[in-house]
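*Asks:* Quick one: structure below, then a few questions.
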Amino acid sequence: MKNPWKIANEIKKMIVEKSWKKLPPERKLAKDLGISRNTLREALRILEYEKIISRKQGKGTFVEKNRNLKIHINPSSIEVETHNVEFIFDVLEVRWGLEASAVRSIILHADISEKEWERIERILEELEERHRKGIASGEVDKEFHKSIIELSHNPILIDLYKTIWTLISIIWKYPLGVPHFGDKSIPYHRDLLEALKRKDLDQAIKAISDIVESDLKDILSFIQEKGA
């Protein structure tokens with residue numbers, strides 16, 4: 001039997017992504033998740049205990065209106081300053097925190113499918129190829145980091161990342177006017193993916209830190225050049 005706690009987490013993710021007010025019939029949901037109905041019922045009991053859903057006999061399973069799955073933040077209230085050094089530092093710090101949390105979830109809790117591993121491997125290979133050829137890789141790098149968050153299977157973390165996506169995205173839009181900002185960090189992306197596959201939490205966190213520290217060095221180099 002698959003872990004019902006993991007199945008419950010997967011259903012939470014589906015509730016957020018699909019904006020469900022009512023869950024599909026048990027037979028269909030079990031089929032979509034690739035599990036038995038007994039396992040599904042165990043997962044639903046967990047969600048019912050957490051007051052995320054309520055089951056009404058003869059009517060179906062409904063998502064509670066007061067469920068606390070969505071995180072409401074208004075990023076439009078924050079001015080995006082792509083040429084402000086302090087602002088870029090703050091964004092990198094937030095991204096590090098989110099990705100460190102994602103890495104922990106991936107290694108300790110998430111059940112990653114072969115298809116998911118193959119997808120992020122393809123993204124990384126394209127990123128590495130562009131880096132070798134000196135081709136702009138910002139959009140591919142952005143997709144890689146977004147995929148790391150999605151691999152966590154943590155619906156709250158994914159929702160938070162999506163909510164502040166406008167702010168996070170400035171890292172890949174040549175902040176400070178540096179056309180190849182972040183390129184030096186690309187080799188560390190392979191270290192990160194390999195550590196995740198080995199379930200090596202310490203090395204995965206180190207790889208994330210190496211990526212961010214490399215980006216910070218780009219900023220410091222920019223400051224030194226401007227001050228020269």
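*Asks:* Which of the residues spanning the stretch 3-26 are over 19 Å from Lys56 (Cα atoms), part of a loop (DSSP other than H, G, I, E, B) and touching a residue at least 40 places away in the same chain (Cβ under 8 Å)?
*Replies:* Within the stretch 3-26, Asn3 is the sole residue that qualifies.
*Asks:* Based on this model, can you work out whether Glu118 counts as part of a helix (DSSP H, G or I) and more than 22 Å from His180 (Cα to Cα)?
*Replies:* Yes: the conditions hold for Glu118.
*Asks:* Then there is this: Among the residues of the stretch 137-159, write down those that are buried (at least 18 other Cβ atoms within 10 Å of the Cβ) and either among the hydrophobic types (A, V, I, L, M, F, W, C) or in contact with a Ser or Thr (Cβ under 6 Å, 6 or more places away or on another chain) (or both).
*Replies:* If the condition is that a residue be buried (at least 18 other Cβ atoms within 10 Å of the Cβ) and either among the hydrophobic types (A, V, I, L, M, F, W, C) or in contact with a Ser or Thr (Cβ under 6 Å, 6 or more places away or on another chain) (or both), then Val140, Phe144, Ile148, Ile149, Leu151, Ser152, Asn154, Leu157, Ile158 are the ones that fit.
*Asks:* Can you tell me which residues in the stretch 196-211 are surrounded by 20 or more Cβ atoms within 10 Å (Cβ to Cβ) and either without any contact (Cβ under 8 Å) to a residue 40 or more places away in the chain or under 19 Å from Phe89 (Cβ atoms) (or both)?
*Replies:* Matches in the stretch 196-211: Ala207, Ile208, Ile211.
One line per residue, one yes/no per condition, for (1) at pLDDT below 90; (2) among the aliphatic types (A, V, I, L, M):
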position	(1), (2)
Gly97	no, no
His109	yes, no
Ser113	no, no
Ile120	no, yes
Arg130	no, no
Lys133	no, no
Gly138	yes, no
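*Asks:* So Ile123 ticks every box in (1) in a helix (DSSP H, G or I); (2) of a type in the set (Val, Ile, Thr); (3) surrounded by fewer than 16 Cβ atoms within 10 Å (Cβ to Cβ) but one. Which box is left unticked?
*Replies:* Against the list (1) in a helix (DSSP H, G or I); (2) of a type in the set (Val, Ile, Thr); (3) surrounded by fewer than 16 Cβ atoms within 10 Å (Cβ to Cβ), Ile123 comes up short only on (3).
The values are calculated or read from the model by the stated rules, or taken from the named source; none is laboratory data. The model shown is predicted, which means the values in this text are computed figures rather than measured ones. No Cβ is skipped: glycine too gets one built from the backbone with ideal geometry, and neighbour counts run over all protein chains shown.
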